[in-house]
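Written out below as structure tokens is the structure these notes cover.
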Amino acid sequence: MYMLHRAAFLLLTASILSVAGEPDGSSEFFETRVRPVLANRCYVCHSSTAMGGLAVNSRAALLKGGNTGPAIVPGKPEDSLLMQAVRHTAGKLQMPMQQPKLSEKEIGDLATWIKAGATWPEAPVAAAEKKAGYVITAEQRAYWAFQPVARPAAPKVRNEAW
């Protein structure tokens with residue numbers, strides 16, 4: 001019973017810590033705060049069609065940029081064309097087009113992400129995890145309680161006659 005309570009406590013603690021504060025450059029920050037903004041507000045025009053020569057569906061594409069140059073400068077949100085476009089400070093270049101301006105929180109999350117180095121996780125997130133709105137990290141998956149049950153080898157006995 002003690003182990004069950006301990007496991008429940010550890011799971012609760014881990015979930016509270018993951019919700020309380022995610023490092024700005026972490027994969028979790030990107031998956032929960034940045035990718036949804038890009039997917040919901042930018043992918044329509046800047047993924048497969050790549051309007052203006054810009055695709056925003058990979059870090060490499062953002063670094064390459066479009067017709068007007070690189071979209072992001074990791075570590076420097078103020079020099080990133082993406083930030084100027086979403087803040088509406090780049091003259092005619094105001095994104096997203098034909099949609100309301102991004103919220104201050106969304107703009108702040110993008111700026112925070114770029115300032116932290118614009119981390120883009122390599123592994124895709126499973127569809128089931130996207131639907132749940134929560135991303136399980138590799139560290140969390142490695143937790144002992146989530147490992148498959150295995151039958152250990154029988155221990156050696158000194159006296160097999162027993």
| When the solvent-accessible surface of protein heavy atoms is calculated with a 1.4 angstrom probe, in what order do 88, 46 fall, highest first? | 88, 46
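Between residue 147 and residue 101, what length in nm is gained on full extension when 0.36 nm per residue of separation is reduced by their alpha carbon distance?
12.1 nm
The values are calculated or read from the model by the stated rules, or taken from the named source; none is laboratory data. Remember, it's a predicted structure, so these values are computed and weren't measured experimentally. Surface areas here come from the heavy atoms of the whole protein model, side chains and all, with no ligands, DNA or RNA. Shrake-Rupley method; radii C 1.70, N 1.55, O 1.52, S 1.80 Å.
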